[in-house]
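Report on the following structure.
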Amino acid sequence: MRSRQRMFAAVMRLLLKCLRLGRRRRFKLVRQVEQLWHYGHLCLRSLLYNSFTNGDVVLDSLFEPVYWLVDHVTRWFGVVFVALVIGLTSSIVAIVYICLLPLILQTYTPGWICWHLAYGHWNLIMIVFHYYMAITTSPGHPPQAKNDLTGVSICRKCIAPKPARTHHCSICNRCVLKMDHHCPWLNNCVGHYNHRYFFSFCLFMTMGCIYCSISGWEMFRDAYAAIERMKLLEKERLQVAANQTYYQTPPPTFSFRQRAFHKSVVYLWVLCSSVALALGALTLWHAALITRGETSIERHINRKEKQRLQKKGKVSIAHSMGAGWGTARRDAPLPVLQVFRNPYSYGSWDNWKVFLGVDVPRHWLTRVLLPSPHLPHGTGLSWDLPPCVTEQRAPLLAI
């Protein structure tokens, strides 16, 4: 009996030792896993650490696959977008000539007829000219060979000289002088040599769409009412055909020409109004950029740089907003900080003259209101003071 008790006690002690040993091994394994996790986390942070990393950098990294997809889709569908612009514009012009022009000649007074003919054809010529020049004119590319330009950096993608205001286009896979953006509707980059053509096309296209929307409003209302009446009469005709007797006459039907006319007017007004809203907003945005002497890319760069310098206390917030720098107390003036200013801005009025190439007053007619293939100021490699600028403000702090 005692031998059995001793044996049972020995077995129990052995079992407890095994359980204790397993618990120690389990705790040791958990500690090893935690140590490996902390070591791997430390190695990863040491490899990816960057003092400039912030939320914007992380967001750009997450959206990098989306940017890659957009670049490749835009590259292959640029021709489709150009064909779409030409097709939609041609359809509007065809509707105006086939449907609306005969009606205008029959119902309008001679004065209004001359106005519509003169303004409509002038606007059409400006649209066609500037769109053709925007898609066929090269935006300008820096030379691939070494040159003696000062302040030239090296593009990390092209491994070639990169002058000031030059940026690399991932769609064209080339550096572009004074790059604004890559426009899929042009299948071309908007840069130094075709920026004016792009903006003029947007402006005159918006003006043409607004002109069609305003002048065709009454026609649109009548055409829409006629289409609704067509639908109602078609429903009545089907009901009469289903219950027709020998003495009933079906309601009159509209001809194919009448249906096509009314639907074309509705199509013209809806398309022109939509384009006027969308393209008008884009035109206003680029007009604001031109007033400040910036491109779309420079707007983003200047804003980021201004925020960075303000956080470091190197730039006055009041001055950067265009206001004066006051004092907190009369006996304790605030420290005078530097002013952040775009070095390529010559003032609102001079920025427009430089952009449009207006050197003398007659150029407002010959170069702005009439088609003109004149080149912009400078070569895009260096940015000297244009001759049309009256006074240049020296930048106190610029990028």
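The values are calculated or read from the model by the stated rules, or taken from the named source; none is laboratory data. Keep in mind that this is a model prediction, so the values were computed, not measured. Please note: Cβ atoms are built from the backbone with ideal geometry, for glycine as well, and neighbour counts cover all protein chains shown. Ligands, DNA and RNA are excluded from the accessible area calculation, which covers all protein heavy atoms including side chains. Shrake-Rupley method; radii C 1.70, N 1.55, O 1.52, S 1.80 Å.
Obtain the nm distance between the two label points defined at D222 and A10 by a simple spin-label model: each point lies 7 Å from its Cα along the Cα-to-C-beta direction.
With each label placed 7 Å out from Cα toward Cβ, I get 11.7 nm.
Can you work out the FRET efficiency for the pair E64 and R229, with r the C-beta to C-beta distance and R0 = 41 Å, to the nearest 0.05? List each step's numbers first, then the result.
Working: r = 55 Å, r/R0 = 1.34.
The calculated FRET efficiency here is 0.15.
Under the 0.36 nm per residue contour assumption, what length would be gained going from the current alpha-carbon distance of L124 and E236 to full extension?
On the way: separation 112, 0.36 × 112 = 40.32 nm, distance 4.32 nm.
Length gained, L124 through E236: 36.0 nm.
What FRET efficiency do you get for F256 and W349 if R0 is 56 Å and r is their Cβ-Cβ distance, rounded to the nearest 0.05? Intermediate results must be reported in sequence, preceding the final value.
On the way: r = 55 Å, r/R0 = 0.99.
Efficiency, from the Cβ-Cβ distance: 0.50.
Over 32 Å between Cα atoms, which of K178/K311; K311/K353; K157/K304 qualify? Mind dumping the intermediate values first?
Working: K178/K311 28 Å; K311/K353 35 Å; K157/K304 22 Å.
Among K178/K311; K311/K353; K157/K304, the Cα-Cα distance tops 32 Å for K311/K353.
Counting only the heavy atoms of the protein chains, how much of K263 is accessible to a 1.4 Å probe, in Å² to the nearest 10?
120 Å²
State, to one decimal in nm, how far the label point of Y108 lies from the label point of V33, with both points 7 Å from Cα in the Cβ direction.
For the pair Y108/V33, the computed spacing is 8.1 nm.
Not counting ligands, DNA or RNA, and with a 1.4 Å probe, what is L29's accessible surface area in Å² rounded to the nearest 10?
Counting only protein heavy atoms, L29 exposes about 110 Å² to solvent.
Please list, ordered by chain and number, the residues whose modelled amide H lies under 5 Å from the amide H of C169; skip anything fewer than 5 residues away on the same chain.
HN-HN under 5 Å from C169: R174, C175, V176.
Need the C-alpha centroid separation for the stretch 178-239 versus the stretch 64-115, integer Å.
Computed from Cα coordinates, the inter-centre distance equals 7 Å.
Quick check: pseudo-label points 7 Å beyond the Cα along Cα→Cβ at W383 and A83, how many nm apart are they?
3.9 nm
5 Å is the cut-off here: which amide hydrogens, built 1.01 Å from N in the peptide plane, fall below it relative to H181, excluding neighbours closer than 5 in sequence?
V190
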